[in-house]
Structures are given as structure tokens and as C-alpha cells.
Amino acid sequence: MLHDKTIVLGVTGGIAAYKAAELTRLYVKAGADVHVIMTRGAQEFITPLTLQTLSSNPVHTEMFNLLSEREVGHISLADRADVFVVAPATANLVGKVAGGIADDLLTTTIMATKAPVLLAPAMNVNMWENPIYQRNQADLEQLGYHFVQPVEGFLACGWEGKGKLADPAEIFEETIGLTLPNDLAGETVLVTAGPTREEIDPVRYISNYSSGKMGYAIARAARLRGAKVVLVSGPSALPQPVGVERICVTSAAEMKEAVLARCDEATIIVKAAAVADYRPAHRAEHKMKKHNTDALNLELEKNPDILSELGRRKGHRTLVGFAAETRDLLENARKKLTEKNLDLIVANDITQQHAGFDVDTNVVRLLAPDGSEEILPEMSKDEVAHRLLDRILALRG
């Protein structure tokens, strides 16, 4: 996600400075070139050698240094950054940036950069609530600086309240967002994901192999590109995507109720969930016991067709469906595209290697009502999500 991107990471003197090591690892793993600037205070909590080892680049600590014979350190770092991140950002650092003070390497480089700046504050709760600090943050936000808000918890100083550094994974997500176009701003995207479970009795159910990875990737990508995202998810072990409203459901009936309750506010609907087609006609009140008979017959009845209902209510919305097939992929997908009144359908043959349920990659085709077809090669589900959103934006003009 950050391949060929340069991240300049500033680390200031707070107890949360040790989390900069995990954040650096996340950036490097995502393909970024990471350059770390440490204040004198930061070096009291974590050594430059740690971050140099993780980033594979020299750590910068001195104001008056040259990166090469001609490159002035703070100017070179400011120019090469695609995103400038400070984590943790102390109240002192935020106050100096808000006041235009540039008296060390980190503040001077921030002053010189034209890259988006993301600040992740961490401090004592009383410092966080201090009106002077709140004014400084508000001033920077008005100037276009970005913030990852601290979280509540037990603080190193012994107090409890808001002021803990946000999780490195959240800071990482916000960093990715700053490298992407904000082309879904103003859109509300409703995404469904995961399987549904249809109970036979209190301990057994009918379901499928869907993990929710594709739908969660779409929700995450849409949020990173500026959309308000509502994710209606069947049972899944995946963590909630940062900044996404998640509604957890179990059965197809529950998913229908949740989707129809929120569809009116959506401008884009992506139905990526693998909804069970049938459910037991009668759910046993107690666990069904094994009998001496060799067979057990279950009577099944049809579940509601959520996608068809959305197709009837579509109006101005862009409606996208998925077709997971094991044979006759194009024939079945095009039939679904027409019958459900869709604007686009994502077709994938789940018998292919590295495609379909519970894997991190997918191989899909995007089919439109005009007969056009876009074939995507094997790629990560995150990449598929962004290619799908590109196509949806093209449809919406």
C-alpha cells in the first residue's frame, strides 16, 4: 500500500516513543522508505539504533548536518517526504508548530515540508484537556494539519483518561489515507461482508466459507478515499476497519433488516456478503439429539433476496453485486447483473487458486450492463477493492 512512498517519521520525548518501533515496522512492511527524526527527549526513551535497524536508514538527530555533500539535512528530508508523521507528538511539539517555532531538526523540517503532516498526540489527560493545547490543535487543523486522536486508558503518569497514543495500526491506516485521492468525499458507501448463519438449533447452523475479507477491504478502501462507510457484517473474525461504522448481524433476515434500514442514506451500495440462499424452515428450541436412524431430513425455505430488493429501490444509487461461481461464470454473472438491476457485478471463479473465500488475493472480472468486461489479474483484495472503486467512480462520472 505504501510502495515507493517516502515517510518521514518524527519521534518526540514521551513514554509512547517506544511505539514508534512498531509503526516503523508497519511502514517498512508496506513498502515505504522510512526516515526517522528523533528529538533529544525521544532519545531518552528509545535509542536511535533501534529505529535505524528497523528502517534501514540513518536516524537523524542533529540540526546542522548534511545528508550528502550538498544536501542540507532538514531541507532534504522535507522535500523527499510523501507524508510527514509525528508519533508521539507531545504538547510541546504541537504548541511549537502552531506558533511557527522552528528551533530543532524536527520542527524545522515540519516547517519546510509541503507534504501532508499527520500528528498523533500523546500526553497526560490534564495536558490534553488544557484549553491552550486544544486551541493549538484546532489552529493546526484549520491550517490543514491532520491528527489521529489519542485514546482513553491508564496513562504512564498514573492518571486515567484520554491521552494515550493511538494504536500504531490506526496511525498506519491514516498515513495510507493521506497518500490516496480523496475522490469519495461526500459519498456514503454501504458495504455488506461475510457469511450469514442460519440456525438449525442452538448449537448448529448452515453457513459458508466466506471470511469477509473482500467486503472489509472495500469498506477500508472507501473510507481511506474519503467516504462515510457503513459496513453490515455477518460473523467474521476480522477487526473493525478504522473509521468505519460496523453493524454486526448473524442471519440473512437480520442482514436484510440492517441493510434496508441504512440504504436510503447511501449513494453507493456494494453487496459483497455471501448470504445463505436457504434457512431451516423450523429452528429447534433445544439441541437436536442423535437418533438411531441413518439420515436426518431438514426442511429448508428460501431466504429473502436482499440484492433484488435493493435493485427495486435503487433510484440514483450505484448498486454493485458479487457473483461467486464454480462453473459458467460469465453466464451466471450476466444473468444476475440483469435480473437484480445492478450497475456492476464482480464475478469470480472460486475454484481458481488464490481466489474466492478466506484468502488474501482474488481474481475477478468486472461486468457492466453495456456488455463491457474488465479482467483483473491476481492481486490482493485491497488492490481489487481500489480497482473496483475506480470503476464505480467512472460509472458515477
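Couple of notes before you dig in:
- In the set (1) among the hydrophobic types (A, V, I, L, M, F, W, C); (2) exposed (fewer than 14 other Cβ atoms within 10 Å of the Cβ); (3) in contact (Cβ under 8 Å) with a residue 24 or more places away in the chain, Val230 fails one condition alone, (2).
Yes/no matrix, rows are residues, columns are (1) within 18 Å of the chain's Cα centre (by Cα); (2) farther than 22 Å from Gly234 by Cα; (3) not hydroxyl-bearing (Ser, Thr, Tyr):
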site	(1), (2), (3)
Asp360	yes, no, yes
Val363	no, yes, yes
Pro377	no, yes, yes
Val384	yes, no, yes
Arg387	yes, yes, yes
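- Hits in the range 1-15 (condition: under 15 Å from Ala166 (Cβ atoms) and surrounded by fewer than 22 Cβ atoms within 10 Å (Cβ to Cβ)): Ile15
- Residues in the range 16-63 that are among the acidic types (Asp, Glu) and either buried (at least 19 other Cβ atoms within 10 Å of the Cβ) or within 17 Å of Phe84 (Cβ to Cβ) (or both): Asp33 alone.
- So Ala219, is it without any contact (Cβ under 8 Å) to a residue 60 or more places away in the chain and hydrophobic (A, V, I, L, M, F, W, C): yes
- Qualifying residue in the range 92-101 (condition: more than 25 Å from Gly163 (Cα to Cα) and touching a strand residue (DSSP E or B) at 6+ places or on another chain (Cβ under 7 Å)): no
- From Lys314, Lys340, residue being within 20 Å of Cys263 (Cβ to Cβ) and crowded, with 20+ Cβ neighbours inside 10 Å: Lys340
- Qualifying positions in the range 265-281 - touching a helix residue (DSSP H, G or I) at 6+ places or on another chain (Cβ under 8 Å) and within 24 Å of His386 (Cα to Cα): Ile268, Ile269, Val270, Lys271, Ala272, Ala273, Val275
- Pick from the range 311-332, criterion at pLDDT 95 or above and touching a Gly at 6+ places or on another chain (Cβ under 9 Å), ranking: farthest from Asp277 (Cα to Cα): Leu319
- Filter result for Val359 (surrounded by 13 or more Cβ atoms within 10 Å (Cβ to Cβ) and in contact with a Phe, Trp or Tyr (Cβ under 7 Å, 6 or more places away or on another chain)): no
- Strands (runs of 3 or more DSSP E) wholly inside the range 211-287 that include at least 2 residues being modelled with pLDDT of 95 or more and among the aromatic types (Phe, Trp, Tyr): none
- Of all the listed residues (Leu337, Leu366), the sole one being of a type outside the set (S, T, N, Q), within 16 Å of Lys271 (Cβ to Cβ), outside any helix (DSSP H, G or I) and touching a strand residue (DSSP E or B) at 6+ places or on another chain (Cβ under 8 Å) is Leu366.
- Single condition Glu62 does not satisfy, out of (1) within 24 Å of Met123 (Cα to Cα); (2) at pLDDT below 95: (1)
- Qualifying residue in the range 373-387 (condition: in a loop (DSSP other than H, G, I, E, B), surrounded by fewer than 14 Cβ atoms within 10 Å (Cβ to Cβ), among the charged types (D, E, K, R) and without any contact (Cβ under 8 Å) to a residue 60 or more places away in the chain): no
The values are calculated or read from the model by the stated rules, or taken from the named source; none is laboratory data. Note that the coordinates shown come from a computational prediction; the quantities given were computed from them, not determined experimentally. Every residue, glycine as well, gets a Cβ built from its backbone with ideal geometry; the counts of neighbours run over all protein chains shown.
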